[in-house]
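Visitor: Pasting a structure here, questions to come.
The values are calculated or read from the model by the stated rules, or taken from the named source; none is laboratory data. Just so it is clear, the model here is predicted, and its values are computed rather than measured. Please note: Cβ atoms are built from the backbone with ideal geometry, for glycine as well, and neighbour counts cover all protein chains shown.
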Amino acid sequence: MKHCVLCQMMLAATLFSSTAAFAATAITPGTGVQNLKQGESYTFANADGYYVNSSFFSKNTDGTYTFHAIDGTYQIETDDNLKYLQVRPVQSDGSLATLSDDGTGALWIIGNGIGLPSVSDNQVGWTTEKAIAMAQTSDMTYEISGVVGKEFASVPDFKFFGQAGWGIEFKGSTGSNYTISTANGPLAVGTGSNGHDDGNLYLTTDAEWAMGDTVTIVVDLTYGVQAATLTTTVKKASTVFNPTLNGESFQSTTYGYVWGGILTQGEKITFAGADAFNDEDWYMDPDFFEKDGDGYKFLAVNGLYAVMADFTLKYFKVFEIGTDQLPVAYDKTTGKGNIWVIGDTGIGKPSFAKNGHNWYTGYNNDIPLAKISSTKYRLTVNAGQEIDLSNNFINFKFFGQPDWGMEFDTDPSITLAGELAPYFAITKGNITFGALPENMTDEQKAMIQSIKTLVFTIDVTDPAAAILTIEAKLNDNPQTGINTICEAQPQSLDTSWYTVDGRRYAKKPAKAGLYIYQGRKVMVK
């Protein structure tokens with residue numbers, strides 16, 4: 001009998017292990033609604049190497065994925081460009097799930113400082129189509145996890161919504177039908193009167209939130225949508241993160257990592273303490289930095305500066321500060337201070353695609369010009385990167401502070417100068433092309449599309465009456481060999497006239513515009 005009992009035990013163990021081996025269910029992403037169960041294992045077809053949201057799924061050693069959210073209907077879509085499996089809760093008809101008054105349903109995140117598979121490649125921003133669904137891990141409890149510097153930026157600025165769009169949103173101010181407050185952790189909720197937008201998350205002044213840390217955010221709605229609680233836990237990275245400039249540490253602030261100190265024109269600067277500072281990864285603003293051996297030469301005039309290291313965009317933002325550590329406003333009596341660009345989505349650094357401004361204000365958003373001499377400020381933008389010229393349209397303005405207030409229009413005034421002036425216009429301070437795209441001539445369009453780089457220089461010799469000169473570098477033109485505008489070219493024996501896009505005229509054109517004659521740029525009026 002004992003032998004038979006032993007046999008039965010062995011047979012049971014074999015059957016149990018065989019059953020476990022068949023637990024994984026195959027899913028083909030993009031094939032409609034999926035009925036998923038918490039705790040069950042799944043595999044994904046045609047998705048090797050794709051990013052899978054760890055809040056919904058964790059990968060097992062055998063290559064399967066365990067589902068963490070509650071049982072329900074979900075949509076799993078692939079983004080082949082980003083190699084990303086997007087998981088979203090849906091209704092049975094396939095429409096995106098929304099939040100119910102009892103706290104069940106779905107909770108969504110919209111805002112800056114978060115993105116999947118990474119915030120640098122796919123920041124949500126305020127584009128509702130990119131809204132991220134939190135995983136409902138138990139009834140009325142929602143969770144999302146990620147790493148600072150990957151899924152989360154060093155500066156969070158997002159909020160919670162009841163749908164993947166505008167409508168229900170959780171606020172920190174009292175009296176809202178959907179209210180959220182901090183239960184624990186480094187994240188707090190703006191109230192609209194505490195220096196942060198109502199409902200937007202921000203870091204507390206003593207927050208321990210550093211690059212490489214793993215962050216888990218939980219929103220608990222079990223006490224109702226008018227009493228939501230936010231809990232944030234941080235698991236510190238094993239490697240200490242200590243970015244430095246010339247050996248001096250950046251300080252972690254609610255605005256990100258910031259270094260403050262004296263910089264002198266021509267000084268060599270080295271950055272260390274962060275893998276992201278590698279040359280191939282980091283954008284170095286050509287108005288402020290020039291490569292110099294194992295470091296960079298500082299190009300702006302001597303002064304007290306803040307250097308903000310944006311590890312989301314891998315970009316240093318540099319501007320002059322006062323002893324109060326705040327940006328110095330432009331002084332229209334002395335010409336000292338900072339000049340900023342605020343504008344349309346078609347301009348931004350390190351690129352308009354990742355950081356198009358859309359008239360957002362604040363020194364996290366706006367572009368500072370480099371003061372390259374006592375009376376000149378400069379902004380350099382490359383077509384296809386920092387500025388979008390594809391639609392023959394630009395629209396931005398220069399300001400005396402990184403916010404609404406003093407702007408270069410009438411006080412101080414700003415006027416155009418130089419050979420390119422006829423191609424541009426200043427209307428109520430806004431810098432645009434001289435004509436709307438639908439009214440442009442073929443020559444104007446060709447000239448714009450030939451631009452490789454634009455350099456805007458503001459001369460404030462008279463601080464109350466700025467003069468804006470615009471220079472351009474053109475893409476290589478094999479017909480004319482002309483690569484730049486507003487710079488003299490070698491004398492040519494060719495007596496023909498050319499348009500900037502290479503069309504030849506046997507004699508001087510009668511039509512006004514910019515032409516090439518004997519290797520020089522000539523404006524025909």
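Visitor: Please find, within the stretch 347-380, the residue that is farthest from Ile451 (Cα to Cα) out of those that are in a helix (DSSP H, G or I) and not basic (Lys, Arg).
Guide: Ranking the qualifying residues of the stretch 347-380, first place goes to Asn355.
Here is a yes/no grid of residues against (1) within 16 Å of the chain's Cα centre (by Cα); (2) of a type outside the set (A, V, I, L, M, F, W, C); (3) at pLDDT 95 or above:
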position	(1), (2), (3)
Ile339	no, no, yes
Asn355	yes, yes, no
Thr361	yes, yes, no
Thr380	no, yes, yes
Asp388	yes, yes, yes
Ser413	no, yes, yes
Ala425	no, no, yes
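Visitor: Applying the selection to the stretch 32-61, what residues are touching a residue at least 40 places away in the same chain (Cβ under 8 Å), part of a loop (DSSP other than H, G, I, E, B) and among the aromatic types (Phe, Trp, Tyr)?
Guide: Once the filter is applied, which keeps residues that are touching a residue at least 40 places away in the same chain (Cβ under 8 Å), part of a loop (DSSP other than H, G, I, E, B) and among the aromatic types (Phe, Trp, Tyr), the stretch 32-61 yields only Phe56.
Visitor: Any idea which residue in the stretch 287-313 is farthest from the chain's Cα centre (by Cα), counting only those that are modelled with pLDDT under 95 and assigned to a loop (DSSP other than H, G, I, E, B)?
Guide: Per the criteria, the residue is Gly293.
Visitor: Condition check: assigned by TED's automatic domain parsing to the domain that holds Ile342 and buried (at least 16 other Cβ atoms within 10 Å of the Cβ). Does Gln444 satisfy that?
Guide: It is true that Gln444 is assigned by TED's automatic domain parsing to the domain that holds Ile342 and buried (at least 16 other Cβ atoms within 10 Å of the Cβ).
Visitor: Now a separate question. Taking the stretch 42-75 on its own, how many of its residues are within 23 Å of Thr214 (Cβ to Cβ) and among the hydroxyl-bearing types (Ser, Thr, Tyr)?
Guide: Residues meeting the conditions: 9.
Visitor: Which numbered condition trips up Gly335, out of (1) surrounded by fewer than 20 Cβ atoms within 10 Å (Cβ to Cβ); (2) touching a residue at least 12 places away in the same chain (Cβ under 8 Å); (3) in a loop (DSSP other than H, G, I, E, B)?
Guide: Exception for Gly335: condition (1).
Visitor: Looking for something touching a Pro at 6+ places or on another chain (Cβ under 7 Å), of a type in the set (A, V, I, L, M, F, W, C), assigned to a loop (DSSP other than H, G, I, E, B) and crowded, with 19+ Cβ neighbours inside 10 Å - is there at least one such residue anywhere in the stretch 104-122?
Guide: Within the stretch 104-122, one or more residues are touching a Pro at 6+ places or on another chain (Cβ under 7 Å), of a type in the set (A, V, I, L, M, F, W, C), assigned to a loop (DSSP other than H, G, I, E, B) and crowded, with 19+ Cβ neighbours inside 10 Å.
Visitor: Follow-up question, since we're still on this one. Go through (1) at pLDDT 95 or above; (2) at positive phi; (3) in contact with an Asp or Glu (Cβ under 9 Å, 6 or more places away or on another chain) one by one and return the number of the condition Gly256 breaks.
Guide: Failed condition: (1).
Residue-by-condition table, conditions (1) surrounded by 14 or more Cβ atoms within 10 Å (Cβ to Cβ); (2) under 29 Å from Gly303 (Cβ atoms); (3) small (Gly, Ala, Ser):
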residue	(1), (2), (3)
Asp206	no, no, no
Ile217	yes, no, no
Val234	yes, no, no
Leu245	yes, yes, no
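Visitor: Can you name every residue in the stretch 246-275 that is among the β-branched types (Val, Ile, Thr) and either outside any strand (DSSP E or B) or under 22 Å from Asp206 (Cα atoms) (or both)?
Guide: Scanning the stretch 246-275 gives Thr253, Thr254, Val258, Thr264, Thr270.
Table: residues versus (1) within 25 Å of Trp282 (Cβ to Cβ); (2) outside the structural domain of Pro412 (by TED's automatic domain parsing); (3) in contact (Cβ under 8 Å) with a residue 40 or more places away in the chain.
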site: Lys371; (1), (2), (3): yes, no, yes
site: Arg378; (1), (2), (3): yes, no, yes
site: Gly384; (1), (2), (3): yes, no, no
site: Asn395; (1), (2), (3): no, no, yes
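Visitor: Step by step: first the residues of the stretch 419-448, then only those that are of a type in the set (Gly, Ala, Ser) and free of Cβ contacts under 8 Å to residues at least 40 places away in the same chain, then the one that is farthest from Glu407 (Cα to Cα). Which residue is that?
Guide: For the stretch 419-448, the residue satisfying everything is Ala435.
Visitor: Now for a different question. Looking at (1) of a type in the set (Ser, Thr, Tyr); (2) surrounded by 20 or more Cβ atoms within 10 Å (Cβ to Cβ); (3) under 26 Å from Asp157 (Cα atoms), find the lone condition where Tyr377 falls short.
Guide: (3)
Visitor: Criterion first (within 29 Å of the chain's Cα centre (by Cα) and modelled with pLDDT under 95) does Thr98 satisfy it?
Guide: Against the criterion (within 29 Å of the chain's Cα centre (by Cα) and modelled with pLDDT under 95), Thr98 does not qualify.
Visitor: Additional query: Is there a residue being under 26 Å from Ile372 (Cα atoms), among the β-branched types (Val, Ile, Thr) and either in a loop (DSSP other than H, G, I, E, B) or not assigned by TED's automatic domain parsing to the domain that holds Lys376 (or both) anywhere in the stretch 195-210?
Guide: Looking for residues that are under 26 Å from Ile372 (Cα atoms), among the β-branched types (Val, Ile, Thr) and either in a loop (DSSP other than H, G, I, E, B) or not assigned by TED's automatic domain parsing to the domain that holds Lys376 (or both), one finds none in the stretch 195-210, hence no.
Visitor: So, one more: Within the bounds of the stretch 279-286, is there any residue that is in a loop (DSSP other than H, G, I, E, B), over 21 Å from Glu386 (Cβ atoms), outside the structural domain of Lys371 (by TED's automatic domain parsing) and touching a residue at least 24 places away in the same chain (Cβ under 8 Å)?
Guide: Within the stretch 279-286 (the criterion being in a loop (DSSP other than H, G, I, E, B), over 21 Å from Glu386 (Cβ atoms), outside the structural domain of Lys371 (by TED's automatic domain parsing) and touching a residue at least 24 places away in the same chain (Cβ under 8 Å)), the answer is no, since none of the residues qualifies.
Visitor: So, one more: What pairs can you find where one residue is in the stretch 351-362 and on the phi < 0 side of the Ramachandran plot, the other is surrounded by fewer than 17 Cβ atoms within 10 Å (Cβ to Cβ), and their Cβ atoms are less than 6 Å apart, with a gap of 6+ or different chains?
Guide: Once the first residue is on the phi < 0 side of the Ramachandran plot and sits in the stretch 351-362, its partners that are surrounded by fewer than 17 Cβ atoms within 10 Å (Cβ to Cβ) give Ser351/Gln385; Gly356/Thr345; Thr361/Asp403.
Visitor: Also, quick follow-up: Looking only at the stretch 151-178, count every residue that is surrounded by fewer than 20 Cβ atoms within 10 Å (Cβ to Cβ) and either basic (Lys, Arg) or in a strand (DSSP E or B) (or both) and tell me the total.
Guide: Going through the stretch 151-178 one residue at a time, the tally reaches 1.
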